[in-house]
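The values are calculated or read from the model by the stated rules, or taken from the named source; none is laboratory data. Here the structure is a predicted model, which is why all the values come from computation and not from measurement. Glycine also receives a Cβ, built like all others from the backbone with ideal geometry; neighbour counts cover every protein chain displayed.
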């Protein structure tokens, strides 16, 4: 019988010294102005999120955004509408820090992009090579923060406020 390795616990001071993981976030709109949200296949909650992902070495935020779209929703056939004026950050709940990203990050620092999908719903395919989502849907932009996991809601409110005018 193999013992499961218990994640190392970290003190508040240790967590406070950790960096944020550099990432991109993607607010994808359809032609009607609705926002793409999806449920992660590795979470048990009813929470929905917008696509996001890490920025690889030697990658610009825009390059990472387009790569993440392709990896997560099966297409990068989008028009780039806007880039967030600032980087937005969120902290993970303290108990999750040791278990996510091997305890190397306290949360994420994200550059956000607003994008408009050129194709229709049939251009979206969440059954990618390494699927991250189990379901997806289009929602009104104002609904997005309330659908998110609680620790991302403030960040989502800021992103929605910045890009709300694009949903028309």
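In table form, for the structure just shown:
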quantity: Residue among 95, 121 that is loosely packed, with under 14 Cβ neighbours inside 10 Å and either at pLDDT 95 or above or more than 19 Å from residue 42 (Cα to Cα) (or both); calculated: 121
quantity: Subset tally (residues that are within 15 Å of residue 114 (Cα to Cα), assigned to a strand (DSSP E or B) and more than 10 Å from the chain's Cα centre (by Cα)) for the stretch 14-68; calculated: 4
quantity: Failed item in (1) over 27 Å from residue 124 (Cα atoms); (2) surrounded by fewer than 17 Cβ atoms within 10 Å (Cβ to Cβ); (3) in contact (Cβ under 8 Å) with a residue 12 or more places away in the chain; (4) under 15 Å from the mean Cα position of the chain (by Cα), with residue 100 passing the rest; calculated: (3)
quantity: Test for residue 148: is it in contact (Cβ under 8 Å) with a residue 40 or more places away in the chain, surrounded by 13 or more Cβ atoms within 10 Å (Cβ to Cβ) and either on the phi > 0 side of the Ramachandran plot or more than 16 Å from the chain's Cα centre (by Cα) (or both); calculated: no
quantity: Top-ranked residue in the stretch 71-97 [being out of contact with any strand residue (DSSP E or B) (no Cβ under 9 Å at 6 or more places or on another chain) and touching a residue at least 40 places away in the same chain (Cβ under 8 Å); ranked as nearest to residue 15 (Cα to Cα)]; calculated: 94
quantity: Residue check, residue 100 out of contact with any strand residue (DSSP E or B) (no Cβ under 6 Å at 6 or more places or on another chain) and either at pLDDT 95 or above or closer than 25 Å to residue 18 by Cβ (or both); calculated: yes
quantity: Where residue 54 falls short, out of the listed (1) touching a strand residue (DSSP E or B) at 6+ places or on another chain (Cβ under 7 Å); (2) free of Cβ contacts under 8 Å to residues at least 40 places away in the same chain; (3) within 23 Å of residue 122 (Cβ to Cβ); calculated: (3)
quantity: Members of the stretch 22-54 found to be surrounded by fewer than 21 Cβ atoms within 10 Å (Cβ to Cβ) and touching a helix residue (DSSP H, G or I) at 6+ places or on another chain (Cβ under 6 Å), listed by number; calculated: 33, 53
quantity: Meets criteria (in contact with a strand residue (DSSP E or B) (Cβ under 8 Å, 6 or more places away or on another chain) and more than 23 Å from residue 155 (Cα to Cα)) for residue 124; calculated: yes
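Residues checked against (1) at pLDDT below 95; (2) part of a helix (DSSP H, G or I); (3) closer than 24 Å to residue 20 by Cβ:
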{"site": "115", "(1), (2), (3)": "no, no, yes"}
{"site": "125", "(1), (2), (3)": "no, no, no"}
{"site": "128", "(1), (2), (3)": "yes, no, no"}
{"site": "131", "(1), (2), (3)": "yes, no, no"}
{"site": "143", "(1), (2), (3)": "no, yes, no"}
{"site": "165", "(1), (2), (3)": "no, yes, no"}
